[in-house]
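Undergrad: Structure in C-alpha cells, see below.
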Amino acid sequence: MMQTPLLEIRDLNIGFDTSRGQVRPVRDVSYTVFPGQTLAVVGESGCGKSVTALSILRLIPEPPGQVLGGQILLNGRDLLALSEKEMRSVRGREIAMIFQEPMTSLNPVYTIGDQIVEAVTLHQHVGTKEAYAIAEKALNDVGIADAHRRLNEYPHQMSGGMRQRVMIAMALSCQPKLLIADEPTTALDVTIQAQILELLQKLQRERGMSIVLITHDLGVVAENADVVAVMYASRVVEYAKVEELFDNPLHPYTEGLFLSVPKLGESHDRLNTIRGTVPNPASFPTGCKFHTRCARTCEKAAAATPSDVVSITVEGEPVKVLRRCTVDEPTLRQIAPSHWAACHQLDGYDKAPAPRPSLTHRRESEANFVDVGGGDVRAGQTAIPYAKEAAK
Ligand SMILES: Nc1ncnc2c1ncn2[C@@H]1O[C@H](COP(=O)(O)OP(=O)(O)OP(=O)(O)O)[C@@H](O)[C@H]1O
Ligand code: SF4
Ligand SMILES: [Mg+2]
C-alpha cells in the first residue's frame, strides 16, 4: 500500500535580503517525513537546516526572509498558503518544535506550570484545573519526578537537562503529529543527551509521532534516524536510509563527515576535519558548491586530460580540480532505489532519474548496525562503523 507522507517539502527556496544582496540559505530542498518516522537532517553550521525547519512553522522573519518558491505540505495541505490565523492552530497543536537552548525558550519570570498551562490552553478547550492536570502528566511523561511540586518552580531552579525535558513536555502536551527537534541535546552532557533522545524515541513509539531531528552529531543520527538528509550549502546533497548512508556514503561531503568522526580507541590531537571552511551563502563558489573542499574532484583531476582540469586557489594554495565541478552544480539524483546524491562524478549519475527524494523506510531494530559499546565515547564523538573500518 502506498503510504502518504505526513510532511512533504517540495522544492523549497528561501532568500534573505542582506546588505550584500540576496542570499539563498535554502535551495530546492525537498524531503518527506512519514507517520512515526524520524528524518535526520545533518550538515555543518550554516547549511540551512534551521531555516528550512523554521519555514515549516512559518517562523522565518519576513522581511528580510522570503519564500521564493516551493510547497510545504502537511497531510497534503500547503502550509505556505495558510493565513497567519490558520497557522497559529498548526503551531503547537499539529507541529511542535524544540530548540537547542531551552533557557531562551522558557520565560524566566513564570513558573514551569504556568508556561505549560499556557501552551495547553492555547490549543485545547480545557479549564485551568484540567490544564494543570495535563501539565502535570506531561512532566511525568518526560520522566520528571515529583511533577506536582515542579510545576511551581521557575526555570532557573532547574538543571539544563531538566529544562530541556520541560521544553519537550511543553512541546508534547498538545500531542503534535510532528515534532521538529533542532539540535535538542547539543547543550547537554552526554548522559542527559542519551536520556532525552531515548525519551523522544519512547514517546514516538507510544504516539506514532513523526520527528525531524536536526543535528550535526553522526552518533545521534546512527542511533535515532530512519532516513537521513545531508545538507551542504543550502541544498540536500545526499538522502538515504540510515543504514545505507553509513554503509556506503556516496557524496564526498558525507564521506568527509564520517572521516572527521574520531575513531574508537584512537587518541586525537586534532580532528581530521574536511579541509577548508563552509562557504557562506553570500559568497558561494561557482559550480558544485563543494568543489573548493572536495577530495574526489582532486583525485579525478589527477587522472584527467589537462583540458578537463583547472587550477583554483584554496587557502593560498593552488589545487587542481575538474573543470566541470567549477561550472556545473549537480542536483540530487536517484543513484540507487533508496539512495539519492548530488555529485556528477558518481558512476551512473548522468543517466540517473531525478524524482524528489522520499523514503518510507524504518530502521529494523535498536541500533543493530552500530556498535557504540566499550570504547571511550564522548559527546558528539560516537564511534561509527565506517570510521572503524577506516581505522583498520
Ligand atoms: N535572519 C537572517 N538574515 C540573513 N541570513 C540569515 C538569517 N537567518 C539565517 N541566515 C543565514 O542562513 C544560512 C543558514 O542558516 P541556518 O540557521 O539554517 O543554518 P544551520 O544549518 O541551522 O546551522 P547551525 O548548525 O549553525 O544551526 C546561514 O548562512 C545564516 O547566516
Ligand atoms: S560534483 Fe565534483 S566537486 Fe562536487 S562533490 Fe562531485 S566531485 Fe566533488
Ligand atoms: Mg541551526
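Laboratory data are not the source of any read-out in this text; all were calculated from the coordinates shown. Just so it is clear, the model here is predicted, and its values are computed rather than measured. Reconstructed Cβ throughout: ideal geometry from the backbone, glycine too, with neighbour counts over all protein chains shown.
Undergrad: Only sites in a loop by DSSP and with at most 13 other Cβ atoms within 10 Å count here; which trypsin sites (Lys or Arg not before Pro) in region 4-44 make the cut? Intermediate results must be reported in sequence, preceding the final value.
TA: Working: sites: Arg10, Arg20, Arg27; in loops: Arg20.
Those that pass, being in a loop and sparsely packed, are Arg20.
Undergrad: Here is a further query. If amide hydrogens are placed 1.01 Å from N in the peptide plane, which non-local residues have theirs closer than 5 Å to the one on Gln66?
TA: HN-HN under 5 Å from Gln66: Gly15.
Undergrad: So, one more: Based on Cβ point charges of +1 for Lys and Arg and -1 for Asp and Glu, what charge dipole magnitude is obtained for the chain about its Cα centre, in debye rounded to the nearest 20? Kindly include the intermediate steps, with their values, before the conclusion.
TA: On the way: 41 positive and 46 negative charges, 120 e Å.
Here the size comes out at about 580 debye.
Undergrad: A further question follows. So between Glu86 and Asp189, what do we pick up on full extension, going 0.36 nm a residue minus the alpha carbon distance? Walk me through the numbers before you get to the answer.
TA: Numbers: separation 103, 0.36 × 103 = 37.08 nm, distance 3.81 nm.
Contour length minus the Cα-Cα distance gives 33.3 nm.
Undergrad: Exactly which GluC sites (Glu not before Pro) in region 114-210 are in a DSSP loop and have at most 16 other Cβ atoms within 10 Å? Please report the intermediate quantities before stating the final value.
TA: On the way: sites: Glu118, Glu130, Glu136, Glu153, Glu198, Glu206; in loops: Glu153.
Those that pass, being in a loop and sparsely packed, are Glu153.
Undergrad: Per DSSP helix of 4 or more residues, -39500 (n - 2.57); summed, then divided by the residues of the chain. What does that give at 222 nm, rounded to the nearest 500? Can you show the working numbers first?
TA: Working: 14 runs with 122 residues, N = 392.
Only helices count here, giving -8500 deg cm²/dmol.
Undergrad: Given a Förster distance of 51 angstrom, what is the FRET efficiency for Glu118 paired with Thr4, based on the Cβ-Cβ distance and rounded to 0.05? Can you show the working numbers first?
TA: On the way: r = 33 Å, r/R0 = 0.65.
With R0 = 51 Å, the Cβ-Cβ based efficiency is 0.95.
Undergrad: Also, I was wondering about something else. What residue among Lys49, Lys320, Lys289 has the largest mean-square fluctuation in a Gaussian network model of the chain, using Cα springs under 10 Å?
TA: Answer for the Gaussian network model of the chain: Lys320.
Undergrad: Relative contact order for region 1-135: what percent, with Cα pairs under 8 Å and sequence separation of 6 or more?
TA: Details: 160 pairs, mean separation 31.5, N = 135.
In percent, rounded to a whole number, it is 23.
Undergrad: Relative contact order, percent, of the chain when contacts are C-alpha pairs under 8 Å separated by at least 6 residues? Spell out each step's value before the answer.
TA: Working: 748 pairs, mean separation 75.5, N = 392.
Relative contact order, the chain: 19 percent.
Undergrad: Please work out the Cα center distance from region 154-205 to region 1-25, rounded to the nearest Å.
TA: Region 154-205 and region 1-25 have Cα centres spaced 26 Å from each other.
Undergrad: Name the residues whose placed amide hydrogens come within less than 5 Å of the amide hydrogen of Val314, ignoring near sequence neighbours (fewer than 5 apart) on the same chain.
TA: Excluding prolines and chain starts, which carry no amide H, the hits are Val319.
Undergrad: If you don't mind, there's one more thing I want to ask. Counting only residues 5 or more places away or on other chains, whose amide H sits under 5 Å from the amide H of Leu359 once H atoms are built in the peptide plane?
TA: Here Thr32 satisfy the definition.
Undergrad: In the chain, which helices (entire DSSP H runs) extend 15 Å or more along their own long axis, judged by Cα positions, while averaging at least 0.5 on the Kyte-Doolittle scale? Please list the in-between numbers first.
TA: On the way: long enough: 112-123 (18 Å, 0.68); 128-141 (19 Å, -0.59); 160-172 (18 Å, 0.65); 190-207 (25 Å, -0.24).
Qualifying helices: 112-123, 160-172.
Undergrad: Would region 115-184 count as rounded, prolate or oblate if I go by the C-alpha gyration tensor, calling it rounded below 1.5 in a/c and otherwise prolate when a/b exceeds b/c, oblate otherwise? All intermediate terms of the calculation are to be shown ahead of the outcome.
TA: On the way: a/c = 1.88, a/b = 1.10, b/c = 1.70.
Oblate shape, in that a/c is at least 1.5 and b/c is the bigger or equal ratio.
Undergrad: Hey, another quick one. Treat each spin label as a single point 7 Å out from the Cα along the C-beta direction, and report the Arg207 to Ala304 distance in nm.
TA: 5.0 nm
Undergrad: Next question, about the same structure. Fully extended, how many nm does the chain gain between Asp78 and His125 (0.36 nm per residue separation, minus their Cα-Cα distance)? List each step's numbers first, then the result.
TA: On the way: separation 47, 0.36 × 47 = 16.92 nm, distance 2.57 nm.
Taking 0.36 nm per residue and subtracting the Cα distance, the gain is 14.4 nm.
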